[in-house]
Each structure stands twice: as structure tokens, then as C-alpha cells.
Amino acid sequence: MRQQIDAYLEQKREELLEDIRKLVAIPSIHGQTEACLEALNYVRRRAEDFGMKTRMTSTQDVCVVELGSGREIVGVLTHVDVVGVGDPEKWVHPPFEATRAQGALWGRGTVDDKGPVMMSLYALRALKELEVPLNKRIWLIVGTCEEGIWTDMEHFKQEFERPAFGFTPDGNFPIFNVEKGYADVSLTFAEPAAEQILFLSAGDSRNTIPSLAVIQTRDGGRMEYNGVSAHSSAPELADNAIVKLCEDLEGRYPFSFLRFVARFLSDYHVPALELDDGTDQYMGEYAGRTTAVPTVLTKEDGAVVLNINLRHKVGVTREQIVDAFRRHETEYGYRAELIECQDPIMVSEKLPALQLMKRVYESYGYEGKFLLAQGCTYAKSMDRFVCWGPVFPEDPECAHMENEHIMLAGMMTAAKMYATYLARAASEPGI
């Protein structure tokens with residue numbers, strides 16, 4: 001069956017790429033409701049073109065594509081909303097044109113998560129047209145709020161059954177069965193000298209480290225700080241423009257936000273905030289280290305507002321996060337608010353569904369492992385879900401960066417893996 005699946009998807013390669021191109025061309029930046037609905041409807045129309053059943057939440061923010069029949073459901077969680085483009089001047093290819101170059105497909109969403117949406121849909125199409133016998137239902141669940149607060153998944157869970165297990169193709173390979181937590185904390189600084197700031201802007205999404213920060217003051221003119229953007233779960237890949245601005249201007253201007261960032265956020269492991277024990281262990285198991293990075297900085301209604309994105313390890317609670325920031329409110333003159341908090345997850349690698357996933361991955365010549373994910377994916381929204389691909393260990397990580405792209409060879413291999421896994425997970429006994 002695998003050979004048939006692989007051959008089928010190779011035959012559909014150009015059609016798959018064209019569908020990704022058309023989906024990327026819809027600028028469905030998170031928060032742009034009409035564009036996100038347009039992207040969702042595009043996926044729905046293509047699924048119906050392929051003869052699959054589709055349903056929408058009553059709120060029109062999730063589409064479910066169904067294949068097969070049976071009592072249990074195998075789920076694939078994806079999304080069509082994307083983060084902003086960052087600094088447009090840094091893009092080599094237009095972000096919404098899905099350009100093919102250097103063995104890759106370039107554009108916003110090619111890897112996170114529009115490319116994987118279409119790869120997953122074509123995996124289902126392969127099983128349907130090859131008439132693979134299934135004794136479970138497969139649901140491709142496509143959301144529109146992954147890059148923000150997951151109201152879409154709450155609506156889905158209110159109106160639909162829960163899958164028994166599944167994965168989200170929204171990260172890296174091999175298999176990430178443990179995920180750090182996710183939190184956004186907003187600090188609103190009541191700066192007494194705020195009138196000195198004429199303009200202040202950095203960042204356009206809470207989970208992306210900005211590559212550009214701009215401030216204009218009454219006495220200092222306009223100052224720009226350039227860095228390197230990255231997903232906020234991978235601060236080691238970035239050069240944070242907000243940190244650069246604050247470190248450079250601290251001591252030159254009487255702003256509390258400058259002092260706070262320079263003191264607490266220059267090191268993304270934030271030892272001065274004392275969020276955890278400072279190690280990468282939890283009860284003897286590897287859990288990674290907690291990180292916190294400033295991602296959005298603006299002046300609003302006479303105050304300076306700073307968003308801080310955290311990726312906390314297992315054992316760190318939302319109460320600890322809130323306490324860590326509130327203990328400095330008086331000293332720095334800000335008000336702290338927890339905007340969003342997702343707890344860390346751990347899924348047992350002994351589950352039959354995960355052991356099958358490992359075998360399928362290894363059958364394509366890769367070393368199967370279970371690892372910790374630094375990022376935050378829809379896997380947190382469902383029981384027994386993990387993050388699986390689509391980026392292979394040898395390929396570049398560029399989600400949320402300018403010049404986001406997915407390698408074409410890896411894309412095709414991942415699509416074949418997904419189809420092979422779903423065929424077996426929805427047909428073999430004991431899974």
C-alpha cells in the first residue's frame with residue numbers, strides 16, 4: 001500500500017503545489033476574519049472537489065473534512081491563519097506569492113501551516129482515490145485561530161466529537177510528544193514622561209520575535225534597531241530588536257520599560273525573574289528550560305505596552321508566572337495581565353498510535369525519536385495528540401521568520417508519511 005500511496009502523491013505533486021500556492025495567496029493573517037474565512041472556504045471547496053464530506057462550526061472558524069467510517073476518529077489538526085510578514089524589506093520573494101526557488105517553496109504559511117494543510121488534504125485524497133479500506137473515521141480539522149487565542153478549538157469541542165488520537169503537522173520531525181507551555185503576559189507601563197515618545201513600534205504578532213524596532217522621541221529623532229526574527233519558541237535563532245532598543249537607550253531616557261527589559265529580558269532564560277529552578281530537568285526527566293522574550297512593543301493611549309511571550313517547562317504554573325511579573329509592578333510602574341496561558345503537555349510514547357508513528361517514520365529511512373517541543377501547537381487542545389513534522393532535521397527552521405519556506409523534497413516525503421500513517425492508523429487493529 002505504501003508504494004501505491006507514494007506513487008499517487010508523486011503524480012499529484014504539481015497539483016498539490018498549485019493548491020498550496022493559491023492558499024498562500026490569500027493573506028489570512030491572524031485576526032483578519034474575512035481573509036481567514038476565505039482561506040478556510042478554499043480548503044473546504046477543494047475537499048468537496050475531491051468527493052469528501054465537510055462540515056463547519058456554527059461560528060465559521062473550523063472546517064472538518066471527513067473520510068472513512070467507524071466509531072473512532074483519527075484527527076489531523078491544522079490551521080490556515082498565519083502571522084504577519086514582519087519587515088517586508090527582508091523578504092527575498094513576495095510573502096503571499098508562494099515562489100519556487102532553490103528547491104523550496106517560499107511564502108508566508110508554506111511551512112506554518114498552509115503547506116501542511118494541503119499536504120494533509122492530499123494524504124486523505126490519496127486514501128480515497130486508492131480506495132484504502134478504513135475502519136475508523138479520519139478528520140482533517142482546519143482552524144483559523146492557532147496564531148492567537150484558540151477560540152476556534154473551543155467552538156469545535158462544543159459542537160463535535162473528540163478524536164481518539166492524532167497529530168498536528170505544525171512543527172518538526174521526529175515526534176514531539178512533550179510540549180512546553182505557552183503564555184503571553186502584557187505589561188502596561190504608566191510612563192510619567194511618555195509625552196517624550198512620539199512613535200514606538202516593534203513586532204506584529206505575540207509569538208514572533210521582531211527584527212525591527214522603531215522609536216521616535218522629541219529630542220532624539222527617529223531611531224531604528226534591526227535584528228533577526230524567529231519564532232518566539234526559538235529565541236536562540238533570533239536577534240531581538242526590542243532588546244537591542246532597550247539595551248541601547250537604557251540610561252539615556254527615563255523610561256521604566258527600558259530598565260525592565262534590560263534587567264530581566266536580556267537573557268531569554270530570564271534567571272532574574274525566578275520563574276523556575278533554572279535547570280532543564282523536571283522530576284529527573286528532561287523538560288527544557290523556561291524562556292521569555294519581548295515580542296510586541298507599542299505606545300497606546302499615553303502608555304507603553306509590552307508583550308512578553310513565555311515557553312514554560314513542565315512544573316511551572318500560571319500562578320507562578322503571574323506572581324513573577326506582579327512582584328515588580330510597583331518598582332517599574334506597570335500593570336501585568338496574563339493574556340493567554342496553555343499548560344505543558346506530556347503524551348506517553350508507549351501509546352500504540354505513537355509507536356506506529358515511529359515505525360512509519362523509520363520506514364522512510366529516518367531515526368525515530370520522541371522529543372520535547374519548544375513551541376506550542378494545537379496538540380495542546382486535544383488528548384493524545386502530538387506534533388509530527390513537517391520540517392525534517394536536515395531542513396531549515398523558518399516558521400514565523402521573514403523568508404519562510406519549505407523544502408520541496410521534504411514536503412513530498414512528509415505528505416507520503418502522513419498518508420501512510422493515516423492508512424494504517426485507521427485500518428489496523430489495536431491502534
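The values are calculated or read from the model by the stated rules, or taken from the named source; none is laboratory data. Every value quoted in this text rests on a predicted model; they were computed, and no experiment measured them. Using ideal geometry, Cβ is built from the backbone for each residue, glycine included, and neighbour counts are taken over all protein chains shown.
Things to note:
- Residue under evaluation Glu404, criteria (1) under 18 Å from Val82 (Cβ atoms); (2) surrounded by fewer than 24 Cβ atoms within 10 Å (Cβ to Cβ), criterion not met: (2)
- Candidate set from the range 149-176 (those that are in a loop (DSSP other than H, G, I, E, B) and surrounded by fewer than 18 Cβ atoms within 10 Å (Cβ to Cβ)); member that is modelled with the lowest pLDDT: Ile149
- Meets criteria (surrounded by fewer than 24 Cβ atoms within 10 Å (Cβ to Cβ), at pLDDT 95 or above and small (Gly, Ala, Ser)) for Ala123: no
- Considering each residue of the range 27-34 in turn, none proves to be assigned to a helix (DSSP H, G or I), in the same structural domain as Val111 (by TED's automatic domain parsing), buried (at least 20 other Cβ atoms within 10 Å of the Cβ) and modelled with pLDDT of 95 or more.
- Of all residues in the range 223-263 being touching a residue at least 24 places away in the same chain (Cβ under 8 Å) and of a type in the set (Phe, Trp, Tyr), the one that is surrounded by the most Cβ atoms within 10 Å (Cβ to Cβ): Phe257
- Qualifying residue in the range 293-308 (condition: touching a helix residue (DSSP H, G or I) at 6+ places or on another chain (Cβ under 8 Å), at pLDDT below 95 and surrounded by 15 or more Cβ atoms within 10 Å (Cβ to Cβ)): no
- Inspection of the range 332-354 identifies no residue that is touching a strand residue (DSSP E or B) at 6+ places or on another chain (Cβ under 7 Å), closer than 30 Å to Lys157 by Cα, aromatic (Phe, Trp, Tyr) and modelled with pLDDT of 95 or more.
- Residues of the range 272-306 that are touching an Asp or Glu at 6+ places or on another chain (Cβ under 6 Å) and more than 17 Å from Ala373 (Cα to Cα): Val304 alone.
- Number of positions in the range 36-67 that are crowded, with 21+ Cβ neighbours inside 10 Å and either assigned to a strand (DSSP E or B) or under 18 Å from the mean Cα position of the chain (by Cα) (or both): 9
- Elements of type strands (runs of 3 or more DSSP E) contained in the range 298-393, each with 2 or more residues being among the acidic types (Asp, Glu) and touching a residue at least 24 places away in the same chain (Cβ under 8 Å): 334-342
- Residue match in the range 261-281 (condition: in a strand (DSSP E or B) and either modelled with pLDDT of 95 or more or of a type in the set (Ser, Thr, Tyr) (or both)): no
- Test: residue in the range 123-131 that is over 17 Å from Gln4 (Cα atoms) and not aromatic (Phe, Trp, Tyr): no
Matching residues to (1) within 25 Å of Ser232 (Cα to Cα); (2) surrounded by fewer than 23 Cβ atoms within 10 Å (Cβ to Cβ); (3) of a type in the set (Asp, Glu):
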position: Glu89; (1), (2), (3): yes, yes, yes
position: Pro94; (1), (2), (3): yes, yes, no
position: Arg108; (1), (2), (3): yes, no, no
position: Leu134; (1), (2), (3): no, yes, no
position: Ile141; (1), (2), (3): yes, no, no
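- Candidate set from the range 89-118 (those that are within 18 Å of Tyr421 (Cβ to Cβ) and either in a helix (DSSP H, G or I) or at pLDDT below 95 (or both)); member that is farthest from the chain's Cα centre (by Cα): Met118
- Where Tyr366 falls short, out of the listed (1) out of contact with any Cys (no Cβ under 8 Å at 6 or more places or on another chain); (2) buried (at least 16 other Cβ atoms within 10 Å of the Cβ); (3) under 18 Å from Lys180 (Cβ atoms): (3)
- Residue in the range 119-136 that is among the hydroxyl-bearing types (Ser, Thr, Tyr) and in a loop (DSSP other than H, G, I, E, B) present: no
- Residue match in the range 416-424 (condition: part of a loop (DSSP other than H, G, I, E, B), in contact with a strand residue (DSSP E or B) (Cβ under 7 Å, 6 or more places away or on another chain) and more than 26 Å from Gly181 (Cβ to Cβ)): no
- Test result for Ala409, surrounded by 18 or more Cβ atoms within 10 Å (Cβ to Cβ) and either assigned by TED's automatic domain parsing to the domain that holds Val142 or touching a Phe, Trp or Tyr at 6+ places or on another chain (Cβ under 9 Å) (or both): no
- Verdict on Glu146 being assigned to a loop (DSSP other than H, G, I, E, B), more than 22 Å from the chain's Cα centre (by Cα) and either free of Cβ contacts under 8 Å to residues at least 24 places away in the same chain or closer than 23 Å to Asn41 by Cβ (or both): no
- Ile339 satisfies every condition listed in (1) closer than 30 Å to Glu300 by Cβ; (2) outside the structural domain of Arg311 (by TED's automatic domain parsing) except (2).
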